[in-house]
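The values are calculated or read from the model by the stated rules, or taken from the named source; none is laboratory data. All values reported here derive from a predicted model rather than from experimental measurement. For neighbour counting, all protein chains shown are included, and Cβ atoms are generated from backbone atoms with ideal geometry for every residue, glycine included. Note: areas computed on protein heavy atoms with side chains; ligands, DNA, RNA excluded. Shrake-Rupley method; radii C 1.70, N 1.55, O 1.52, S 1.80 Å.
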Amino acid sequence: MSSTEQSVLDAFYMARALELARKGVYSTHPNPRVGCVIVRDGEVVGEGWHVRAGEPHAEVHALRQAGDKARGATAYVTLEPCSHHGRTPPCAEALVNAGVDRVVAAMQDPNPDVAGRGLLRLMSAGIAVQSGVLETEARAINKGFLKRMEHGLPYVRVKLAMSLDGRTAMASGESQWITGPEARSAVQRLRAQSSVVLTGADTVLADNARLTVRPDELGLNAELTALAMTRPPLRVLIDGRLRVPLDSPFFKAGSALVATCAAASARERYHDEGHEMLALASSGGHVDLRKLLVELAARGVNDVLVEAGPKLAGAFTRLGLVDEFQIFIAGKFMGSSARPLLDLPLAQMNEALELKIVEMRAIGNDWRVIAIPAASASV
Ligand SMILES: NC(=O)c1ccc[n+]([C@@H]2O[C@H](COP(=O)([O-])OP(=O)(O)OC[C@H]3O[C@@H](n4cnc5c(N)ncnc54)[C@H](OP(=O)(O)O)[C@@H]3O)[C@@H](O)[C@H]2O)c1
């Protein structure tokens with residue numbers, strides 16, 4: 001077989017492994033989404049994907065399925081096989097023991113516990129190793145995990161719904177509903193894919209927001225809905241002065257993490273009701289958002305979905321903490337007295353925040369624009 005033919009086949013089987021990895025989008029966090037395909041003599045003999053942290057990795061599922069047929073086969077994995085004893089034994093070792101001939105990885109694992117050692121272990125056992133096949137696609141399914149491993153911060157997505165004239169709430173604060181049911185269902189899936197869904201006190205007070213994942217609104221099949229519901233995101237409320245009452249729908253919906261600057265005596269009541277209180281030094285009179293993100297990453301949070309109004313979304317933006325904006329646009333004008341998208345006071349054109357629009361698509365009667373800060377797009 002020529003090297004071109006081999007590259008085409010490698011990309012073909014890696015694309016299948018990525019498809020498998022994506023099945024874990026609702027359930028693997030804090031672990032990465034990983035898929036594996038084992039091929040011998042042109043036949044797929046094993047397939048697997050990582051379902052949940054603490055459970056077997058993708059390679060183990062695929063090797064189990066392949067059985068003896070793994071001997072002399074090629075294993076395609078979307079992330080370098082692990083080399084350390086975590087909650088499960090090292091996958092590099094399992095591949096060596098199974099007698100595979102060749103391992104093709106989409107990318108190295110930046111996790112300091114692995115970081116090339118998985119590939120080295122395979123090479124030292126005489127296995128042919130290649131890395132970098134469909135790496136861009138592999139990075140795209142693990143943006144949060146990679147951001148946490150490489151920068152010690154979660155990947156922050158800000159979701160906002162706006163009218164065609166860029167407004168997000170009426171002057172009274174009323175904002176339900178700007179977009180239609182299909183867009184709201186897409187937001188439900190975004191929530192289910194996130195480790196954390198975060199909002200602020202005024203959004204909870206104005207909208208009676210609960211930020212829960214509602215299984216009947218996900219629009220997923222039964223298997224994925226069940227997976228999503230086994231690992232719902234942590235709900236995080238930023239409430240500097242503890243203005244949201246304990247009997248609000250947000251707190252009634254279950255336990256939450258509250259980031260606040262309030263004194264210990266004020267925090268006690270919330271703590272007693274089962275909510276975790278995170279006291280964060282005030283920055284300009286408010287919760288320090290960067291410190292909050294560092295703390296969340298230290299707890300294994302990969303992806304944060306910010307569902308807030310112009311003040312909080314604007315604060316994250318001004319601090320350069322946003323990795324991605326998902327803006328849902330409804331075909332309506334809400335008028336000039338309605339509230340803007342972001343509290344982002346700029347005076348001159350050269351201060352404008354440049355964004356790269358990476359996707360734009362219709363969702364029901366609305367449109368969704370995904371944009372990333374241009375500065376990060378060029379890195
Ligand atoms: N269209 C949409 O997509 C959408 C989404 C959500 C909400 N909304 C609407 O937006 C309105 C509320 O928006 P909002 O932004 O005023 O409320 P918000 O989302 O609740 O944001 C205010 C919260 O952010 C905190 N905050 C403000 N500036 C901060 C900073 N620089 N650093 C850290 N924390 C900061 C405040 O802190 P303190 O606790 O210290 O005051 C407060 O808890 C409502 O009308 C709601 O209906 C629209």
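In debye to the nearest 20, how big a dipole does the range 1-122 give about its Cα centre with +1 on each Lys and Arg Cβ and -1 on each Asp and Glu Cβ?
On the way: 13 positive and 14 negative charges, 59 e Å.
That gives the range 1-122 a dipole magnitude of about 280 debye.
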Notebook entry, point to check: For the chain, what is the percent of antiparallel DSSP beta bridges, rounded to the nearest 5?
Noted result: 45
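With the contact rule set at Cα under 8 Å and sequence spacing of 6 or more, what percent relative contact order holds for the chain? Before the final figure, lay out the partial values.
On the way: 794 pairs, mean separation 60.6, N = 379.
Contact order relative to length: 16 percent.
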Item checked: With every protein chain in place, the chain: carbon and sulfur % of accessible area (1.4 Å) -> 51
Check: Are there any helices in the chain, counted as whole DSSP H runs, that stretch 15 Å or more along their axis by Cα and score at least -0.5 on average by Kyte-Doolittle, and if so which?
Finding: 3-22
Next item on the list: May I ask you to give the solvent-accessible area per residue for the chain, in square angstrom, as obtained with a 1.4 angstrom probe?
Entry: 46
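Which value, in debye to the nearest 20, describes the size of the charge dipole of the chain about its Cα centre when Lys and Arg Cβ atoms bear +1, Asp and Glu Cβ atoms bear -1, and nothing else is charged?
Using Cβ point charges on Lys, Arg, Asp and Glu, the chain gives about 460 debye.
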Next item on the list: Select from Gly320, Ala347, Ile357 the residue farthest towards the positive end of the dipole of the range 265-363; place +1 on Cβ of Lys and Arg, -1 on Cβ of Asp and Glu, and compute about the Cα centre.
Entry: Ala347
Notebook entry, point to check: Which distance in Å, rounded to a whole number, links the C-alpha centroids of the range 26-56 and the range 255-311?
Noted result: 34
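Using a 1.4 angstrom probe with every protein chain in place, what is the largest-first accessible-area order of Leu164, Leu278? Write down the numbers at each step before the final one.
On the way: Leu164 110, Leu278 20 Å².
Correct descending sequence by accessible area is Leu164, Leu278.
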Note to self: Placing unit charges on C-beta atoms (Lys and Arg positive, Asp and Glu negative, everything else neutral), compute the dipole magnitude of the range 66-159 about its Cα centre in debye, rounded to 20.
What the structure shows: 360
Check: Accessible surface of Glu273 in the full protein assembly, 1.4 angstrom probe, to the nearest 10 Å²?
Finding: 120
Next item on the list: Positive end of the charge dipole of the chain (Lys, Arg +1 and Asp, Glu -1 on Cβ, about the Cα centre): tell me which of Leu134, Leu122, Val51 has its Cα farthest that way.
Entry: Val51
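How much mean residue ellipticity at 222 nm does the chain get from its helices, if each DSSP H run of length 4 or more adds -39500 (n - 2.57) and you divide by all residues, to the nearest 500 deg cm²/dmol? Write down the numbers at each step before the final one.
Numbers: 14 runs with 125 residues, N = 379.
Estimated from H runs of four or more residues: -9500 deg cm²/dmol.
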